[in-house]
1. Where is the GNM fluctuation largest for the chain (alpha-carbon springs, 10 angstrom cutoff): VAL85, VAL15, VAL152?
2. Leaving ligands, DNA and RNA out of it, work out the accessible area of PHE37 with a 1.4 Å probe and give it in Å² to the nearest 10.
3. If you place +1 on the Cβ of every Lys and Arg, -1 on the Cβ of every Asp and Glu, and leave all else neutral, what size is the dipole of the chain about its Cα centre, to the nearest 20 Debye?
4. Considering the dipole of the chain built from charges on the beta carbon (Lys and Arg +1, Asp and Glu -1) around the Cα centre, which of PHE95, ASN7, PRO105 is farthest to its positive end?
5. Please report, in debye to the nearest 20, how large the charge dipole of region 124-168 is about its Cα centre when each Lys and Arg carries +1 at its beta carbon and each Asp and Glu carries -1 there.
6. Rank-order 106-114, 61-69 by packing density, defined as the average count of other C-beta atoms within 10 Å over each peptide's residues, highest first.
7. How much accessible surface area, in Å² rounded to 10, belongs to the heavy atoms of SER72 with a 1.4 Å probe?
8. Quick check: with the 1.4 Å probe, what order do SER103, SER73, SER83 take by accessible area, largest first?
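The values are calculated or read from the model by the stated rules, or taken from the named source; none is laboratory data. Predicted model only: the values in this text are computed from it and were never measured. With ideal geometry, Cβ positions are generated from the backbone for all residues, glycine too; neighbour counts draw on all protein chains shown. Note: areas computed on protein heavy atoms with side chains; ligands, DNA, RNA excluded. Shrake-Rupley method; radii C 1.70, N 1.55, O 1.52, S 1.80 Å.
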Amino acid sequence: MDSYEKNVDKAVNTVEKVAGAANRLYIGCATIFANLFFAGFCLWGIYAGYISWQLEQNGETTTGIVVQMEASSSSEGGCCVYSPVIEFVAGGQTFSFEGDTASDPPAYEVGETVSILYDPADPDTAQINKWSERWLFPLIIIPAMILTALVVNFFMIRAFWRNDVIHE
């Protein structure tokens with residue numbers, strides 16, 4: 001009987017060790033996935049900031065006209081938020097682009113004139129020449145993703161070392 005109990009204890013210990021290793025593997029993979037997600041959003045913010053900076057350094061200013069308000073569903077799933085579609089002339093050609101910021105109520109009206117900053121080498125790269133349109137997104141998303149990553153990593157590393165079960 002003593003030998004039987006020892007074998008059962010060994011089997012239970014082995015199962016617990018395997019379960020612990022599997023749990024740590026799960027925590028590690030979840031942490032890596034979360035960090036890739038946060039890094040992707042940070043890179044998006046860095047790219048948006050880079051484009052704004054490039055336009056500030058090398059862009060030309062002109063006037064554009066809001067020709068329509070593009071409706072899209074809001075983040076809450078309801079309808080609608082509106083982003084302006086702006087047309088402007090550069091080098092004798094007409095270009096159009098959709099503004100980066102959507103809002104309800106709309107921040108612009110059809111027919112309104114707005115200052116545009118565009119890349120003379122590629123007029124399809126253009127932004128409304130307004131601080132909030134150009135810099136607000138990068139200045140919010142980058143620190144938010146870094147802070148969120150720090151908090152998530154703290155708790156995931158703690159769970160890893162404690163071998164806490166984070167899923168059921």
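1. Taking springs between Cα atoms under 10 Å, the residue moving most is VAL15.
2. 110 Å²
3. Rounded to the nearest 20 debye, it is 980 debye.
4. Result: ASN7.
5. On the way: 4 positive and 4 negative charges, 37 e Å.
So the magnitude is around 180 debye.
6. Working: 106-114: 14.2, 61-69: 16.6.
Answer by packing, highest mean first, reads 61-69, 106-114.
7. In the full protein context, SER72 sits at about 50 Å².
8. Values: SER103 30, SER73 80, SER83 5 Å².
Solvent-accessible surface, decreasing: SER73, SER103, SER83.
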